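Each reported figure results from applying straightforward, stated rules to the coordinates on display, with no laboratory input. What you see is a predicted model; the values in this text were computed from it and never measured. Cβ coordinates were reconstructed from backbone atoms using ideal geometry, including for glycine residues, and neighbour counts include every protein chain displayed.
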Amino acid sequence: MSLSIKLSSRIAITTGATGQVGYVMVLTLAEAGADIAIHYHGNAGKAAVLQTEIEAMGRRACVVQADVTDLNSVREMRDPISNTLGSPDIVVACAVESVWPWSSVLEEDIADYESPFRSCVLHNVNLAKAFIPAMQARNAGRYIGINTECSMQVAPTQSAYTAGKRGMDAVLRVLAKEVGEHQIT
Ligand SMILES: NC(=O)c1ccc[n+]([C@@H]2O[C@H](COP(=O)([O-])OP(=O)(O)OC[C@H]3O[C@@H](n4cnc5c(N)ncnc54)[C@H](OP(=O)(O)O)[C@@H]3O)[C@@H](O)[C@H]2O)c1
């Protein structure tokens, strides 16, 4: 497949690059020409393999680790990325904590709602706080949050996941209005 989008000289960070979707997202961004900050949480080995693949494509890459639910951890990724690649023009929020098992609202544990809140809502708040200010200073940026069809389907047993993803959607829609004047979409 050839891509019409050209991202040469752009720098992207993808959280959850070691996940199913993030891995493909990173390869696609690199194919379009972007240099990539590969974020992982626990799977350092897969991140290293991905870095090798990206560099073999002729792109620059660095690997960064963070817990996306923790603001300090997310902020600590900035310096290693800036020092190796530069400040990201593109943020792709792909990481997610899995919640299992899914149950009905009446049966789901209250605690099961906390992980989607942290990994969907706070994840995006943390990324925005860490990377949007530099985009504002440059008057350019792209922020891509990966949602799910479950948000629209609102199927039984999916309330915890759907609540997190709908909350994430709300944060990003508000953020878009707050920073859109800086050509950040
Ligand atoms: N897969 C699908 O069919 C599908 C469908 C619709 C939407 N989505 C959405 O696509 C996105 C990616 O899903 P996926 O299926 O690719 O997920 P996945 O394969 O389960 O991967 C999850 C990723 O998130 C990272 N992660 C988990 N907890 C983290 C934490 N606390 N801090 C930082 N990173 C953490 C993992 O890192 P490590 O592996 O390094 O620990 C991994 O890279 C999600 O937003 C999901 O809602 C997926």
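Observations on the structure shown:
- Among 144, 90, 13, 5, sorting on how many other beta-carbon atoms sit within 10 Å of each Cβ, with the fewest leading, yields 5, 144, 90, 13.
- Put the Cα centre of segment 125-146 next to the Cα centre of segment 25-67 and the gap is 19 Å.
- Counting every other Cβ atom within 10 Å of each residue's Cβ, 9, 4 order from fewest to most as 4, 9.
- Computed [θ] at 222 nm, helices only, for the chain once each DSSP H run of length n ≥ 4 contributes -39500 (n - 2.57): -13000 deg cm²/dmol
- Taking Lys and Arg as +1 and Asp and Glu as -1, the other residues whose beta-carbon sits under 14 Å from that of residue 57 total -2.
- Prolate/oblate/rounded call for segment 69-168, Cα gyration tensor, a/c under 1.5 rounded: prolate
- For segment 11-182, the Cβ-based charge dipole about the Cα centre amounts to some 520 debye (Lys, Arg positive; Asp, Glu negative; other atoms uncharged).
- Restricting the calculation to alpha carbons of the chain gives Rg and Dmax of 16.6, 52 angstrom.
- Neighbour-count ranking [beta-carbon atoms within 10 angstrom, fewest first] of 41, 123: 41, 123
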